[in-house]
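All remarks here apply to the structure that follows.
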Amino acid sequence: MKFLFSKVFINTASALYIWVLGIAIGALLASGTFSASVIFNANDFGVELSKFQSGILMTQIFLKLNILLIAVAFIITIFEIVALRLSNHTKTIKIILFLSGAISVICILLFSLYYTPFIIEQQQIGVMATQSNEFQSMHKQSKMIANIIFFSLSVNLLFRLMYRK
């Protein structure tokens, strides 16, 4: 039990946590920004894809991303609860770190368990369903949630780096 509270263990756990946050941020950036711009502009590269077909491909990328994000949400939950009790940061820093973690977890769960299944369901109905106002609204909201995840993970990462002890 003494090992769990040793400085080496805490520093290692903190470094691994920062690494996991960085992976999640990079995965969000790669899937949302880099992949989307290529897939939705596939015609520029000699591949004929409709917007609907491109959306199907993007959904497959986000399904893989969701697996990573749910694992990250679990890690964030455990780490932030433990860190809240054990860290010796100021109260303000603790609140910022805990809130950024909580916002990340809530938004990851919304994105993975609410928005993605809705989008998949609409895609299975067909092209017309993906052109409805409801789909467009939900898709826009899912992009906003993805941006919030990116921002809250980034805040957590930056504060963890700036106030690392």
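So that you can scan it fast, the table gives a plain yes or no per residue for (1) in contact (Cβ under 8 Å) with a residue 12 or more places away in the chain; (2) closer than 22 Å to S142 by Cβ:
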{"residue": "L63", "(1), (2)": "yes, yes"}
{"residue": "A71", "(1), (2)": "no, yes"}
{"residue": "E80", "(1), (2)": "yes, no"}
{"residue": "H89", "(1), (2)": "yes, no"}
{"residue": "T92", "(1), (2)": "no, no"}
{"residue": "F98", "(1), (2)": "yes, no"}
{"residue": "I103", "(1), (2)": "yes, yes"}
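Looking only at the range 151-165, count how many residues are touching a residue at least 12 places away in the same chain (Cβ under 8 Å) and either of a type in the set (D, E, K, R) or surrounded by fewer than 19 Cβ atoms within 10 Å (Cβ to Cβ) (or both). Lay out the reasoning, then the answer.
Within the range 151-165, the first condition is being touching a residue at least 12 places away in the same chain (Cβ under 8 Å), and the residues that meet it are 152-157, 159-161, 163-165.
Those left that are additionally either of a type in the set (D, E, K, R) or surrounded by fewer than 19 Cβ atoms within 10 Å (Cβ to Cβ) (or both): 154-155, 159-161, 163-165.
Result for the range 151-165: 8.
Can you name the residue in the range 3-33 that is of a type outside the set (A, V, I, L, M) and in contact (Cβ under 8 Å) with a residue 40 or more places away in the chain and, of all such residues, is surrounded by the most Cβ atoms within 10 Å (Cβ to Cβ)? Give the derivation first.
Looking only at the range 3-33, we keep the residues that are of a type outside the set (A, V, I, L, M), and these are 3, 5-7, 9, 11-12, 14, 17, 19, 22, 26, 31-33.
Now drop any that are not in contact (Cβ under 8 Å) with a residue 40 or more places away in the chain, which leaves 5, 14, 17, 22, 32.
Working: F5: 9, S14: 16, Y17: 22, G22: 14, G32: 19.
Per the criteria, the residue is Y17.
For the subset of the range 4-38 comprising residues that are of a type in the set (V, I, T) and out of contact with any helix residue (DSSP H, G or I) (no Cβ under 6 Å at 6 or more places or on another chain), which member is farthest from F79 (Cα to Cα)? Spell out how you get there, then give the answer.
Taking the range 4-38 first, the residues of a type in the set (V, I, T) are 8, 10, 12, 18, 20, 23, 25, 33, 38.
After this cut, where a residue has to be out of contact with any helix residue (DSSP H, G or I) (no Cβ under 6 Å at 6 or more places or on another chain) as well, the list is 8, 10, 12, 23, 33, 38.
Details: V8: 16, I10: 11, T12: 12, I23: 16, T33: 28, V38: 35 Å.
This residue is V38.
Within the range 105-120, can one find any residue that is at pLDDT below 95 and farther than 23 Å from V20 by Cα? Break it down stepwise before answering.
At the first step, the residues of the range 105-120 found to be at pLDDT below 95 are none.
No, the range 105-120 contains no residue that is at pLDDT below 95 and farther than 23 Å from V20 by Cα.
Name the one entry in L109, L49, L84 that is more than 30 Å from A15 (Cα to Cα) and surrounded by fewer than 17 Cβ atoms within 10 Å (Cβ to Cβ).
On the way: L109 fails: more than 30 Å from A15 (Cα to Cα); L84 fails: more than 30 Å from A15 (Cα to Cα).
When all the criteria are applied, what remains is L49.
Quick check on the range 100-135: of everything there that is among the hydroxyl-bearing types (S, T, Y) and in a helix (DSSP H, G or I), which residue is farthest from the chain's Cα centre (by Cα)? I'd like the intermediate steps shown before the answer.
Here is the first cut: in the range 100-135, the ones among the hydroxyl-bearing types (S, T, Y) are 100, 104, 112, 114-116, 130, 132.
Next cut, in a helix (DSSP H, G or I) only: 100, 104, 112, 114-116, 130.
On the way: S100: 12, S104: 7, S112: 9, Y114: 14, Y115: 13, T116: 13, T130: 23 Å.
It comes out as T130.
If you scan the range 137-165, which residues turn out to be farther than 30 Å from K7 by Cβ, among the hydrophobic types (A, V, I, L, M, F, W, C) and under 11 Å from the mean Cα position of the chain (by Cα)?
Of the range 137-165, the ones farther than 30 Å from K7 by Cβ are 137-151.
Then drop every residue that is not among the hydrophobic types (A, V, I, L, M, F, W, C), which leaves 138, 144-146, 148-151.
If the condition is that a residue be farther than 30 Å from K7 by Cβ, among the hydrophobic types (A, V, I, L, M, F, W, C) and under 11 Å from the mean Cα position of the chain (by Cα), then I145, A146, I148, I149, F150, F151 are the ones that fit.
Looking at (1) β-branched (V, I, T); (2) at pLDDT below 95; (3) in a helix (DSSP H, G or I), find the lone condition where V20 falls short.
(2)
Scan the range 36-47 and report the pairs whose first residue is over 18 Å from T59 (Cα atoms) and whose second residue is at pLDDT 90 or above, with Cβ atoms within less than 6 Å and a gap of 6+ or a chain change.
none
The values are calculated or read from the model by the stated rules, or taken from the named source; none is laboratory data. Owing to the predicted nature of the structure, the values given are computational and were not obtained by experimental measurement. Here Cβ is always computed from backbone atoms with ideal geometry, including for glycine, and neighbour counts include all displayed protein chains.
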